[in-house]
Amino acid sequence: MRDLVAGLFVLVGIGAIAMLAFRVGASPLLDRGGLRLYATFDQTGGLKPHAPVEIAGVKVGQVDDIVLSNDFRARVGLDLRSGLQLPVDTSASIVTAGMLGDRYVSLQLGGDERMLQPGEEISFTESAVILERLIGKLVHNAGVNGGSE
């Protein structure tokens, strides 16, 4: 009897670890039936698959994949909660968590009465701000303006 109880305990433990692995890994087996949308960006700035998608700071989905589109821009696939209704004039921005944190996608809802359908594209996007480029422009402008006085 003791061996049976110990065996059941081990099986329950393995099942719990497997369920945790699927949750952390965002397994497609557990996430079926959500709203799939796309957004195209000029620059992703280090955005990675499985990054969160948030509305007003609340996680409503995740980045599924990032591919290069025919016009050489980054096409980002977003897997969002099922039942989520987003107006067609919703905008998507790639933002940073904190000063040097991870990137995620932030959605700002529009006011249109028509809603985005699965597989549609979010038209209004704002690419990631690259801190290194901003610093480079600042240094370059300071050198050009500082040398001409």
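The values are calculated or read from the model by the stated rules, or taken from the named source; none is laboratory data. Since the model is a prediction, treat every value here as computed from it, not as a measurement. All Cβ positions, even for glycine, are placed from backbone atoms using ideal geometry, and neighbour counts span all protein chains on display.
Side notes on the structure shown:
- Selection within segment 72-114: residues that are farther than 19 Å from F124 by Cβ and in a strand (DSSP E or B). The member of this set that is farthest from the chain's Cα centre (by Cα) is T96.
- Residues of segment 84-109 satisfying the condition of being of a type in the set (G, A, S) and touching a residue at least 24 places away in the same chain (Cβ under 8 Å): S91, A92, S93, S106
- For the condition over 13 Å from the mean Cα position of the chain (by Cα), part of a loop (DSSP other than H, G, I, E, B) and either loosely packed, with under 15 Cβ neighbours inside 10 Å or modelled with pLDDT under 95 (or both), L4 does not qualify.
- Condition check for V67: aliphatic (A, V, I, L, M), without any contact (Cβ under 8 Å) to a residue 24 or more places away in the chain and in a strand (DSSP E or B): yes
- Any hit, segment 92-108, residues being under 14 Å from R36 (Cα atoms), modelled with pLDDT under 90 and assigned by TED's automatic domain parsing to the domain that holds F41: no
- Residues that are at pLDDT 80 or above and under 21 Å from A74 (Cα atoms), drawn from segment 124-149: F124, T125, E126, S127
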